[in-house]
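K.L.:
After the structure tokens below, expect a handful of questions from me.
The values are calculated or read from the model by the stated rules, or taken from the named source; none is laboratory data. Nothing here was measured: the structure is a model prediction, and the numbers come from that model. Glycine also receives a Cβ, built like all others from the backbone with ideal geometry; neighbour counts cover every protein chain displayed. Ligands, DNA and RNA are excluded from the accessible area calculation, which covers all protein heavy atoms including side chains. Shrake-Rupley method; radii C 1.70, N 1.55, O 1.52, S 1.80 Å.
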Amino acid sequence: MKQQHVHILGICGTFMGGVAIIARELGYKVTGSDTNVYPPMSTFLEKSGIEIIPNYDIAQLDPAPDMVIIGNAMSRGNPCVEYVLNNQLNFTSGPQWLHDHLLKDRWVLAVSGTHGKTTTTGMLAWILDQAGIDTGFLIGGVAGNFGISARAGSSRYFVIEADEYDSAFFDKRSKFVHYNPKTLIINNIDFDHADIFDDLKAIQRQFHHLVRAMPQNGCILSAKADDNVQQTLAMGHYSALQFIGKENEWYAEAIAQDCSHFAVYYQGQKAGEVQWAILGEHNMHNGLMAIAAAHHAGVAIEIACQALSSFINANRRLEVKGNVNGVTVYDDFAHHPTAINATINALRSKVGAERILAVLEPRSNTMKMGVHKDDIAPSLHNADSVFVYQPDTIPWQVSIITDALTQPAYHSSDLDHLVDEIVKHAKPTDHILVMSNGAFGGIHQKLLDKLVK
């Protein structure tokens, strides 16, 4: 039988790259193209024996592959997209392909929510793995414990980061609508992705579509105190509900102030403790969600707690980039006011009264549109000083943020000048927390180099 050939347009995104790796493991011939070919995804793909074409020349589609998987970064006008349509080649979206060729036969454990998806998905995959289950997974980042972002796995279980972003230019439903999970975590729901969604209700509607396709013997885990989530569930559900929070099925209580040690309660009884190298109340919440989801899949709570003690988070989650002359530089992916606040609070719980210098690049599509610009200053209140970069990609002035702050705050459109200002203010025992969902012009290394002098 002829080996089936799939060709992926936009292969180097974390999701599409994961689809490529899984397709290869399932026995498909996999090729792909992208114009953003860079590590780590390019390295993983090449190690998997997947050819990457660094352009969208239509020659790559002749002879025609059996299926073209079109990433959601592709749009009309792309030469390959137009060739696929003009020549009536078989095409589909990444989420649809994943459902049809893998997920429909698995017990899917999906991790959704505006914040904490990558971290919680990594936790859940690691718990199942440490329980002796060869779990498949697809995570929107390189999982610290696995060193990869995806694998097919041989068991019935598959853990997936359930992203609410759209599937493709021809399918504007959220990716997660295609996953049909049996176990679903809804970590939280906030307004984000303003380039895709008009308002919070539009996001909640997509979550409702996800929930309404779940089986009756499925389980939805959510925080009872999250009003946006509970409003969504009130739109209708058919699966069992379990809630996180005091006087609910699941509850976590910090033993250490920075939440590096906490107790797990199930149905009012203490069921285990977690001691790990992860910080913050938000991560204690993430860990509890992962424990609860694994429990629904049959993993004992004690085993799950033990697994989390060796959990290694993905990069860019309060990742220490270096320490120079007593000053520690961190990198974090936070780019939404809720995540910014949680990240600063997590670091504060670790460092106590030592100074936190928060450095922010407003970069996400939602940030560019100015949707959250009035909420950013309050999210920075727990930092001692704030430094905000003014990218030329946003049409509004970041002085809106700095002017609203009561602590020392600075802004600049010159990255090197901003670095100089940060270094000038930094003192031994300070913590420089850099937050952006991009590379931020290599600011971390610039800071470390300047701090040496």
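K.L.:
Any idea which of ASP199, ASP166, ASP171, ASP195 is closer than 28 Å to GLU281 by Cα, out of contact with any Gly (no Cβ under 6 Å at 6 or more places or on another chain) and among the acidic types (Asp, Glu)? It would help to see each step written out before you state the result.
P.N.:
Values: ASP166 fails: closer than 28 Å to GLU281 by Cα; ASP171 fails: closer than 28 Å to GLU281 by Cα; ASP195 fails: closer than 28 Å to GLU281 by Cα.
On inspection, the qualifying residue turns out to be ASP199.
K.L.:
So, one more: So which residues in segment 407-453 are open to solvent by 50 Å² or more (accessible area, probe 1.4 Å) and part of a loop (DSSP other than H, G, I, E, B)?
P.N.:
Within segment 407-453, PRO408, SER413, ASP414, LYS427, PRO428, THR429, ALA439, LYS453 qualify.
K.L.:
Pairs under 7 Å by beta carbon, first residue under 18 Å from LYS373 (Cα atoms) in segment 327-346, partner open to solvent by 20 Å² or more (accessible area, probe 1.4 Å) and part of a strand (DSSP E or B), six or more apart or different chains?
P.N.:
Between residues of segment 327-346 that are under 18 Å from LYS373 (Cα atoms) and residues that are open to solvent by 20 Å² or more (accessible area, probe 1.4 Å) and part of a strand (DSSP E or B), there is no close pair.
K.L.:
Can you say whether THR120 is closer than 22 Å to MET41 by Cα, modelled with pLDDT of 90 or more, crowded, with 20+ Cβ neighbours inside 10 Å and touching a strand residue (DSSP E or B) at 6+ places or on another chain (Cβ under 9 Å), as far as the supplied structure shows? Outline the logic, then answer.
P.N.:
Values: closer than 22 Å to MET41 by Cα: yes; modelled with pLDDT of 90 or more: yes; crowded, with 20+ Cβ neighbours inside 10 Å: yes; touching a strand residue (DSSP E or B) at 6+ places or on another chain (Cβ under 9 Å): yes.
The answer is yes for THR120.
K.L.:
Among GLN275, GLN306, which is the only one that is without any contact (Cβ under 8 Å) to a residue 40 or more places away in the chain, open to solvent by 60 Å² or more (accessible area, probe 1.4 Å) and more than 17 Å from GLY245 (Cβ to Cβ)?
P.N.:
GLN275
K.L.:
Looking at (1) assigned to a strand (DSSP E or B); (2) without any contact (Cβ under 8 Å) to a residue 40 or more places away in the chain, which is the only condition LYS321 fails?
P.N.:
So LYS321 meets the others, but not (2).
K.L.:
May I pose another question? Write out, first by first residue and then by second, each pair whose Cβ atoms fall under 9 Å of each other, whose residues are 6+ apart or on separate chains, and whose first residue, in segment 287-301, is under 12 Å from VAL264 (Cβ atoms) and open to solvent by 10 Å² or more (accessible area, probe 1.4 Å) while the second is assigned to a loop (DSSP other than H, G, I, E, B) and hydrophobic (A, V, I, L, M, F, W, C).
P.N.:
Hits for this filter: ALA300/ALA131.
K.L.:
A further question follows. Looking at segment 276-318, which of the residues that are within 28 Å of ASN437 (Cβ to Cβ) and of a type in the set (D, E, K, R) is modelled with the highest pLDDT?
P.N.:
In this case the residue turns out to be GLU281.
K.L.:
I need the full set of residues from segment 32-88 which are out of contact with any helix residue (DSSP H, G or I) (no Cβ under 7 Å at 6 or more places or on another chain), within 12 Å of HIS7 (Cβ to Cβ) and in a loop (DSSP other than H, G, I, E, B), in order please.
P.N.:
ASP34, ASP62, PRO63, ALA64, PRO65, ASP66
K.L.:
Can you tell me which of LEU9, LEU109 is at pLDDT 95 or above and under 19 Å from ILE148 (Cβ atoms)?
P.N.:
Details: LEU9 fails: under 19 Å from ILE148 (Cβ atoms).
It is LEU109.
K.L.:
Within segment 211-228, how many residues turn out to be buried (at least 20 other Cβ atoms within 10 Å of the Cβ) and in contact with a Gly (Cβ under 8 Å, 6 or more places away or on another chain)?
P.N.:
Summing the residues that are buried (at least 20 other Cβ atoms within 10 Å of the Cβ) and in contact with a Gly (Cβ under 8 Å, 6 or more places away or on another chain) in segment 211-228 gives 2.
K.L.:
Starting from residues that are of a type outside the set (S, T, N, Q) and in a helix (DSSP H, G or I), keep the ones in segment 329-348 and report whichever is farthest from THR119 (Cα to Cα).
P.N.:
Taking segment 329-348 as the starting set, the residues that turn out to be of a type outside the set (S, T, N, Q) are 329-337, 339-340, 342, 344, 346-348.
This time we only want the ones that are in a helix (DSSP H, G or I), so: 337, 339-340, 342, 344, 346-348.
Numbers: PRO337: 18, ALA339: 13, ILE340: 15, ALA342: 14, ILE344: 17, ALA346: 14, LEU347: 16, ARG348: 20 Å.
My answer is ARG348.
K.L.:
Separate question: How do the pairs read when you match residues in segment 39-56 that are in contact (Cβ under 8 Å) with a residue 40 or more places away in the chain and over 20 Å from GLY27 (Cα atoms) with residues anywhere that are open to solvent by 70 Å² or more (accessible area, probe 1.4 Å) and not in a helix (DSSP H, G or I), using Cβ under 8 Å and keeping only pairs 6 or more apart or on different chains?
P.N.:
TYR56/THR35
K.L.:
Given the structure, is ALA383 under 21 Å from GLY442 (Cβ atoms), buried (at least 19 other Cβ atoms within 10 Å of the Cβ) and modelled with pLDDT of 90 or more?
P.N.:
Numbers: under 21 Å from GLY442 (Cβ atoms): no; buried (at least 19 other Cβ atoms within 10 Å of the Cβ): yes; modelled with pLDDT of 90 or more: yes.
No: the conditions fail for ALA383.
K.L.:
Another question, if that's okay. Would you pick out the residues in segment 179-210 that are crowded, with 23+ Cβ neighbours inside 10 Å and either at pLDDT 95 or above or among the aromatic types (Phe, Trp, Tyr) (or both)?
P.N.:
Within segment 179-210, TYR179, PRO181, THR183, LEU184, ILE185, ILE186, PHE207, LEU210 meet the criteria.
K.L.:
Now, a different point. All but one of (1) open to solvent by 40 Å² or more (accessible area, probe 1.4 Å); (2) farther than 27 Å from SER155 by Cβ; (3) of a type in the set (A, V, I, L, M, F, W, C); (4) in a loop (DSSP other than H, G, I, E, B) hold for CYS12, so report the exception by its number.
P.N.:
Only one criterion in (1) open to solvent by 40 Å² or more (accessible area, probe 1.4 Å); (2) farther than 27 Å from SER155 by Cβ; (3) of a type in the set (A, V, I, L, M, F, W, C); (4) in a loop (DSSP other than H, G, I, E, B) is unmet by CYS12, namely (1).
K.L.:
So is ASP129 part of a helix (DSSP H, G or I) and surrounded by fewer than 23 Cβ atoms within 10 Å (Cβ to Cβ) or not?
P.N.:
So ASP129 passes the test.
K.L.:
Out of segment 243-272, which residues are under 27 Å from GLY352 (Cα atoms), open to solvent by less than 40 Å² (accessible area, probe 1.4 Å) and of a type in the set (Phe, Trp, Tyr)?
P.N.:
The one that is under 27 Å from GLY352 (Cα atoms), open to solvent by less than 40 Å² (accessible area, probe 1.4 Å) and of a type in the set (Phe, Trp, Tyr): PHE262.
K.L.:
Then there is this: Considering (1) surrounded by fewer than 17 Cβ atoms within 10 Å (Cβ to Cβ); (2) within 26 Å of the chain's Cα centre (by Cα), say which one ALA334 fails and leave the rest.
P.N.:
(1)
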